[in-house]
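In what follows, a single structure is set out as structure tokens and then discussed.
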């Protein structure tokens, strides 16, 4: 009886409904299929736009946590977990930070191989979150299109119990995940072209939201200067060339001066930027960055007024 009740509740979710525009999907031409999916995808940005105030709130909450030395931890299962992992992993090379992390049901092997049974494992959700020891300085975002994935619910509840700030990211209103979080971001994208396939519009919406949250938080922290990723760590030739280009655009210095500053800084892009912009030594630039919590624009101002 309980399983029938759960199945009935799942079918009532908007993301599980049949999309009328796609009823005859298997009878359409390749171009018609592409046009239909494109038309449905074009509605995702509007769904995200409707929750911009909640996204802005999340940006401020995450920025405050990171400023205090806390972490942003994404948790999800299946596609939702992979979307969280993608954003977390990309924050390292983009912003040179290890404080955006992820938990996925089934562990990292689930990034490449589906682990559906893990999605229902509440015990594993609690244990995986407990291993991260979330605390008051941390923010945990639970991602689940349905808003009811057991693994994610249990993980978010454990984070909440330990004092972390919790945010639900889902596509269905009034879900258990929303009720279990401090607040929610609900991107109502509606039925998928392939019924129930949340790897489509739901996943696209959630990737957009996570990009906004992580990028917005890093901008608020001053890890971006203008729109330049000045925290990038030049660990290979491509990133070194990118760092050189960033420094030239930010300071209008010639290539020789940029290469010299980058070398003197120990290949730390933001230190080199402060050196060039404020005309100070490596130690003075590093000191200014330390005083401002790594906020590049503020560090330049401090260094100039030394």
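Read the figures in this text as sums done on the coordinates, not as results from a lab. On a predicted model such as this, the values are computed, not experimentally measured, just so you know. Cβ atoms come from the backbone with ideal geometry, glycine included; neighbour counts cover every protein chain shown.
The value of relative contact order for region 126-273, using C-alpha pairs under 8 Å at least six residues apart, is 14 percent.
Each helix, a run of at least 4 DSSP H residues, gives -39500 (n - 2.57); summed and divided by the residues of the chain, these come to -17000 deg cm²/dmol at 222 nm. Taking Cα atoms only, the orientation of helix 150-161 departs from the longest principal axis of the chain by about 50 degrees. Only Cα pairs under 8 Å and at least 6 apart count here; give the relative contact order of region 237-304 as a rounded whole percent. After rounding, I find 23 percent. This ranking places 95, 183 by how few other beta-carbon atoms lie within 10 Å of each, fewest first, which gives 183, 95.
Tell me, in nm to one decimal, what length is gained between residue 241 and residue 49 on full extension, where the rule is 0.36 nm per residue of separation less the Cα-Cα distance?
Values: separation 192, 0.36 × 192 = 69.12 nm, distance 3.50 nm.
Going from the current span to full extension adds 65.6 nm.
Relative to the first principal axis of the alpha-carbon coordinates of the chain, what is the inclination of helix 52-67, with its axis defined by its Cα atoms, in degrees from 0 to 90 and to the nearest 10? Here the helix axis deviates by roughly 50 degrees. Across region 6-221, the mean sequence separation of Cα contacts (distance under 8 Å, 6 or more residues apart), normalised by length, yields a relative contact order of 28 percent.
Residues 20, 268 in ascending order of nearby Cβ atoms (within 10 Å, fewest first): 20, 268. Each of 91, 171 was scored by other Cβ atoms within 10 Å of its Cβ. Listed from fewest to most, they are 91, 171.
When only alpha carbons are used to place a centre, region 259-275 and region 205-250 end up 16 Å from one another.
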